[in-house]
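To start, the structure under review is shown below, and the notes come after it.
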Ligand code: TMP
């Protein structure tokens, strides 16, 4: 008889403020999974589906009219609801791992610590949109915002978030560090100010340690 496996995949997220090197490091994570023959879906937030990418465009574009913090928060969660329904939940349900470039920790860091929206409001939307779903493991790349913003500005046109003041990114960084302190089992902080090879080794060590605790 054919064995039916109903084991859900693991949900890994990568976080950090602008210019911390998420793209490079996400490639290290996917290489690691490929070497171990783990089937995964690589995706990102805001975005990850056609509709959610439209919402991403709205969020990142610079508009003549300023966007209220609550509008921003609702758009982030609207994109997330779509992403969960179309990509994340189906993949996890099929036993695939999901590697997501940002998720709800970014909302607590940017809309919460950065924009000053309350943890309670964000928590309510988190429950509404995600139910009990949370990442199994989160790797947070940490870097002084002064360095991060300089790196980001070298990439060309700045988006609506990248145009924020350094003080905004100091709050974002602290928001991430507070989350990591509150949830040390799920979140691992990686010092992204080191050289690329060292960051890679730290990231893979954190990934192995985190996975050894949950698999
Ligand atoms: P990216 O540059 O990593 O692709 O992310 C796009 C921007 O979206 C980034 O500046 C952070 C912001 N963002 C939020 O403000 N809240 C969120 O919940 C997410 C997922 C991203």
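Here are a few things to note about the model shown:
- Taken as Cα centroids, segment 60-119 and segment 120-145 sit 9 Å apart, rounded to the nearest whole angstrom.
- Among 148, 93, 48, the largest mean-square fluctuation in a Gaussian network model of the chain, built with springs joining Cα atoms closer than 10 Å, belongs to 93.
- In this simple spin-label model, placing a label point 7 Å from the Cα along the Cα-to-Cβ direction at both residue 86 and residue 132 gives a separation of 2.8 nm.
- Exposure proxy for 24, 49: other Cβ atoms within 10 Å of each Cβ, ordered fewest to most, give 24, 49.
- Within the listed set 157, 174, 50, the residue fluctuating most in the Gaussian network model of the chain (springs between alpha-carbon atoms under 10 angstrom) is 157.
- Ascending count of other beta-carbon atoms within 10 Å, so fewest first, for 72, 64, 89, 183: 64, 183, 89, 72
- The helix-based estimate of mean residue ellipticity at 222 nm for the chain, built from -39,500 (n - 2.57) per DSSP H run of four or more residues and divided by its residue count, is -15000 deg cm²/dmol to the nearest 500.
- Global form of segment 169-215, assessed from the alpha-carbon gyration tensor, a/c cut-off 1.5: oblate
- FRET efficiency for residue 64 and residue 165, using Cβ-Cβ distance with R0 set to 22 Å, rounded to 0.05: 0.65
- Cα gyration tensor shape of the chain, rounded if a/c is under 1.5, else prolate or oblate by comparing a/b with b/c: oblate
- Cα gyration tensor shape of segment 92-170, rounded if a/c is under 1.5, else prolate or oblate by comparing a/b with b/c: oblate
- Taking label positions 7 Å along the Cα-Cβ direction at both residue 35 and residue 183, the computed distance is 2.7 nm, reported to one decimal.
- Each of 20, 199, 76 has some number of other Cβ atoms within 10 Å of its Cβ, and from fewest to most they run 199, 76, 20.
- Taking 0.36 nm per residue of separation and subtracting the Cα-Cα distance, full extension of the segment from residue 53 to residue 213 would add 54.3 nm.
Quick note: the coordinates plus some simple rules give every number you see, no bench work behind them. These numbers were taken from a predicted model, which means no experiment stands behind them. Backbone-built Cβ (ideal geometry, glycine too); neighbour counts: all protein chains shown.
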